[in-house]
Amino acid sequence: MKKILCIIFLAPIFIVGYMGFKRYKANQASIIPYPFKITKQTYSSISSTAPILIVGDSMGKRLTMFKDRLAAQISKNLSSPIKIDSLAHEGDNIHRTLKKLESLKKTPLIIIYIGNQDETYEYLFESKYLKKITENFKLYQNDYIKTALMIAPTLSRVIYEPIKYVWLGEKIDKDETSYDDQEFQKRTAMHYTLYQEGIYQLFDYVKKRNALIIPLTTPINLKRSPRKSCYGSFTADAKTQVKSLIELIKSKDFKSAYNLSNELALTNPYNSKINYLHSKVLRKLNQFKKAQKYAELSHVYDCAHTGANPVYNSILKKASSKYRYEYLDFHQQLVDESQDNYVFLDETYPQDVFFEQIVDALAYKIKKRLKL
């Protein structure tokens, strides 16, 4: 009888202990529950000794084309030109950008960052683990747990739900997976979470090294029509009404079009096509501020677009305010210019003249900072 009672008493302890050990073995120690790991050797060979460094993704790579202009502007009245390097590369998400900076022997004096064009470029997590990843981030947001993990990161191996990590090397492979609308939306929401944690990490890293980072919002072509409206974002009669709205726009009856588009936008707030058409009507009626709002919503609710997104710009601006970094609003500059001009070369990149303008603004800010 004593043996039976002993077994009954000890069994739960052994089971809990076994489950805890199993979780410990399945997890890797990490304060932030990222669903991916960047291999140790990634970017181990990169180097830069320039005092000014451009980092980011494909938009940063485009900005790099104008670094000689930036150097010339800053170097006026100096005995020797100032050196500017770039580590910006297509496909570099915020986490790769940070890894590159961490791999440098010396942190640059000034870092120019423009990203979020390629945050979904590569495959960062498996969709089947989304629920667990979300739960892990909820745990991380608990101040007590966060503090405990900062003191003893190994605790994360027991606290976080185990998942299968995606391992990232130096080679970046584009994610060509086709996702249904629901999965696409869930993955997009997770990318926002990953970007927010990444931008906080980046700013924190720079601040601790007494460097200066100048973040830029990423310009978004708001005149680009959405690729796909998400399933379920239409009401039953909306499709017929949208056809009528398109006809009113074609006939340039914008006052009548406004009445219909406004009603559709109110009853179908998450439909990208309706938000886009309402924005188009508002722009024709010179209501530019409202037009911008709905055009941005059109991009947010586009169920097939994987490029720059207003949500990322919003996260960057909030993070900049939190860390007291002054950002340059490249996106808003182009929105204002687009009221009278077509400012993009294609769906993604602004015309060179606007890159030159933002480079001149960067030069002014850097010279002021360096007291040149």
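The values are calculated or read from the model by the stated rules, or taken from the named source; none is laboratory data. Predicted model, so just to flag it, every value in this text is computed and none were measured. In this analysis, Cβ positions are derived from the backbone assuming ideal geometry, glycine residues included, and neighbour counts consider all displayed protein chains. What goes into the accessible areas is simple: the full protein's heavy atoms, side chains included, and nothing from ligands, DNA or RNA. Shrake-Rupley method; radii C 1.70, N 1.55, O 1.52, S 1.80 Å.
Data table
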item	result
Residue-wise HN-Hα coupling along the range 135-150, computed from phi with Karplus coefficients 6.51, -1.76, 1.60 (Hz; x: Gly, Pro)	5, 5, 5, 5, 5, 5, 6, 6, 4, 5, 5, 4, 5, 4, 5, 5
Residue pairs, from the table Lys290/Lys368; Lys40/Lys207; Lys131/Lys208; Lys100/Lys318; Lys61/Lys138; Lys76/Lys105, whose Cα atoms sit over 26 Å apart	Lys290/Lys368; Lys131/Lys208; Lys61/Lys138; Lys76/Lys105
Mean-position separation - Cα centroids, the range 293-336 and the range 210-273, in angstrom	17 Å
Percent accessible area from carbon and sulfur atoms, the chain, protein chains only, probe 1.4 Å	54 percent
Loop sites in the range 309-372: trypsin sites (Lys or Arg not before Pro), DSSP, at most 13 other Cβ within 10 Å	Arg324, Lys371
The chain, relative contact order [Cα under 8 Å, separation at least 6], %	20 percent
Phi-based couplings in Hz for the range 176-185 (Karplus 6.51, -1.76, 1.60; Gly and Pro marked x)	9, 5, 9, 10, 6, 4, 5, 5, 4, 5
Mean Cα-pair separation over length for the range 231-318, i.e. relative contact order, pairs under 8 Å, 6 or more apart, %	22 percent
Amide H within-cut-off set for Phe344, under 5 Å, with H built and near neighbours excluded	Gln351
Charged-residue dipole, Cβ positions (Lys, Arg, Asp, Glu), the chain about Cα centre, Debye nearest 20	1240 debye
Extension reserve of the Gln28-Glu263 stretch, reckoned as 0.36 nm per residue once the Cα distance is removed	79.5 nm
Choice from Thr267, Thr218, Thr64 showing the highest fluctuation, given a GNM over the chain with Cα pairs closer than 10 Å	Thr267
Heavy-atom surface of the range 219-345, accessible at 1.4 Å and reported per residue (Å²)	52 Å²
Sequence-distant residues sharing a close amide H with Ile38 (under 5 Å, placed H)	Leu168
Candidate lysines for bridging to Lys243, where Cα separation is under 22 Å - those fewer than 8 sequence places away on the same chain excluded	Lys223, Lys228, Lys252, Lys255, Lys273, Lys280, Lys284
Extension reserve of the Lys106-Glu247 stretch, reckoned as 0.36 nm per residue once the Cα distance is removed	44.8 nm
Helix-only mean residue ellipticity at 222 nm for the chain, each DSSP H run of n ≥ 4 adding -39500 (n - 2.57), per residue, nearest 500	-16500 deg cm²/dmol
Phi to ³J(HN,Hα) by Karplus 6.51 cos²θ - 1.76 cosθ + 1.60 over the range 318-332, Hz, x for Gly, Pro	5, 5, 4, 5, 4, 8, 6, 9, 7, 9, 9, 8, 4, 4, 5
Residue order for Tyr312, Tyr200, Tyr34 - accessible surface, 1.4 angstrom probe, largest first	Tyr200, Tyr34, Tyr312
Amide H partners (placed H, <5 Å) of Ile54, local residues excluded	Asp85, Ser86, Leu87, Ile112
